[in-house]
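Before any comments, here is the structure.
The values are calculated or read from the model by the stated rules, or taken from the named source; none is laboratory data. These numbers were taken from a predicted model, which means no experiment stands behind them. Note: ideal-geometry Cβ built from the backbone for every residue, glycine included; neighbour counts use all protein chains shown.
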Amino acid sequence: MAWKELLLLHDTEPEKQNMLGDGEPGDRGSLIRQVCEQFGQTVTEQKAEDAEPQAPVRCADGYVRRSPVQPYGTAEDFMRRRIRRIVTIVIIAGFAVLLVYALMRSGLLVFRLR
């Protein structure tokens, strides 16, 4: 195919994708909505009453964020578990060093350099 034909084919594909199964143009909605329609369930959309519509966020490369930023959460005892793990590793490493030192002092473990 020539380049012009490929470009024309490429330009008409979004129009075909926007057509619904019965020939109506439009947006099919989210995947959850499509699955619910297939199984005969209804979709309830929950919107915060006090939330104001925010302007879309544009990135440097031109990407427009359409979904809200997900909150980042950590467990309440995350730092406590992390500190406990670090302390445990330090204690085990100290015990290993003391064990090697004791074995060297007793003569059971000898390092000879030639």
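Report yes if residue 93 is small (Gly, Ala, Ser) and touching a helix residue (DSSP H, G or I) at 6+ places or on another chain (Cβ under 9 Å), otherwise no.
So residue 93 fails the test.
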Are any residues in the range 69-88 loosely packed, with under 10 Cβ neighbours inside 10 Å and either among the β-branched types (Val, Ile, Thr) or under 30 Å from residue 56 (Cβ atoms) (or both), and if so, which ones? 69, 70, 71, 72, 73, 74
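Kindly establish whether residue 34 is of a type in the set (S, T, N, Q), at pLDDT 75 or above and not in a loop (DSSP other than H, G, I, E, B).
The answer is yes for residue 34.
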Residue 105: passes all of (1) at pLDDT 85 or above; (2) part of a helix (DSSP H, G or I); (3) surrounded by 10 or more Cβ atoms within 10 Å (Cβ to Cβ) but (3)
